[in-house]
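Values quoted throughout were computed directly from the atomic coordinates according to the rules given, and no laboratory measurement underlies them. Worth saying up front: this structure is predicted, and the values here are computed from it rather than measured. Methodologically, a virtual Cβ is constructed for each residue, glycine included, from the backbone with ideal geometry; neighbour enumeration extends over all protein chains shown.
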Amino acid sequence: MPRPRKQRICCCPRRAGFETVYKPAGEPLKELEIVTLEHDELEALHLCDGEGKNQEEAGLSMGVSRGTVQRLLSSARKKVASALAGGKAIAMR
């Protein structure tokens, strides 16, 4: 019978404070530029692109104005496109 494995605590300093990090396969995180996607940007992206809501409906769900949702979407889409096209990591707070 093999010896039981010890519990490991892994803490990547580049990931500190981020809930989730997506990165290109085969590339160490320490060598990648990290694009940070804020929680409200992710929520706006999910509501509009994931659930198919329009900006006004997303604004009502989030408790913000349609203009705020538009700015959040614009920022989130720009960051995601930059990360995907440039081979960067995407970190979510």
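Between 0 and 90 degrees, the angle of helix 66-86 with respect to the longest Cα principal axis of the chain falls at about 40 degrees. For GluC sites (Glu not before Pro), the sites in the stretch 13-69 that DSSP calls loop and that have at most 13 other Cβ atoms within 10 Å are GLU19, GLU33, GLU51.
In a fully extended conformation the segment linking GLU19 and SER82 would gain 20.7 nm over its present Cα-Cα distance, using 0.36 nm per residue. The calculated FRET efficiency for VAL64 paired with ARG93, based on their beta-carbon distance and R0 = 22 Å, is about 0.80. Among the listed values (1) 32; (2) 43; (3) 67, the one computed from these coordinates for percent of Cα pairs over 22 Å apart is (2). Within straight-line reach of LYS88, meaning a Cα separation under 17 Å, sit the following lysines at least 8 residues removed in sequence or on another chain: LYS23, LYS30, LYS78, LYS79.
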